[in-house]
Amino acid sequence: MKKNVMLLLLDRRTKEAVEVQKVLTKWGCIIKTRIGLHEGTGGECTDYGLIILELMGDEVQYEQFEQQLRGVPGVTTKLVTMEPAA
């Protein structure tokens, strides 16, 4: 079974969060798993973040979703597709 994972790197997490969340909500039906990571604890957080998404759906949906995310300034995306070895 093929697995599709999209990685999002946010350069300015605090500024981009609202716009990114709007896109994630719009495409919520193709997101199976979401993990958000950023460095820091307490009052010392970095302003960049990484979001890992496990996706369901088809290639056309992934392309449209990725295009909308790339429309948010400071967001970099990478779609990774993996299949088990034979």
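Pull up the stretch 21-43, narrow it to residues that are out of contact with any helix residue (DSSP H, G or I) (no Cβ under 7 Å at 6 or more places or on another chain) and of a type in the set (V, I, T), then point me to the one that is farthest from N4 (Cα to Cα). Restricting to residues being out of contact with any helix residue (DSSP H, G or I) (no Cβ under 7 Å at 6 or more places or on another chain) and of a type in the set (V, I, T), the top hit is T41.
Being farther than 14 Å from L7 by Cα and in contact with a strand residue (DSSP E or B) (Cβ under 7 Å, 6 or more places away or on another chain) is true for just one of T46, T76. Which residue is that?
T46
Of all residues in the stretch 9-18, those satisfying the criterion of being part of a helix (DSSP H, G or I) and crowded, with 17+ Cβ neighbours inside 10 Å are R13, E16.
Only the coordinates and a few stated rules stand behind these numbers; no lab work does. What you are looking at is a predicted structure, and each value in this text was computed from that prediction instead of being measured. For neighbour counting, all protein chains shown are included, and Cβ atoms are generated from backbone atoms with ideal geometry for every residue, glycine included.
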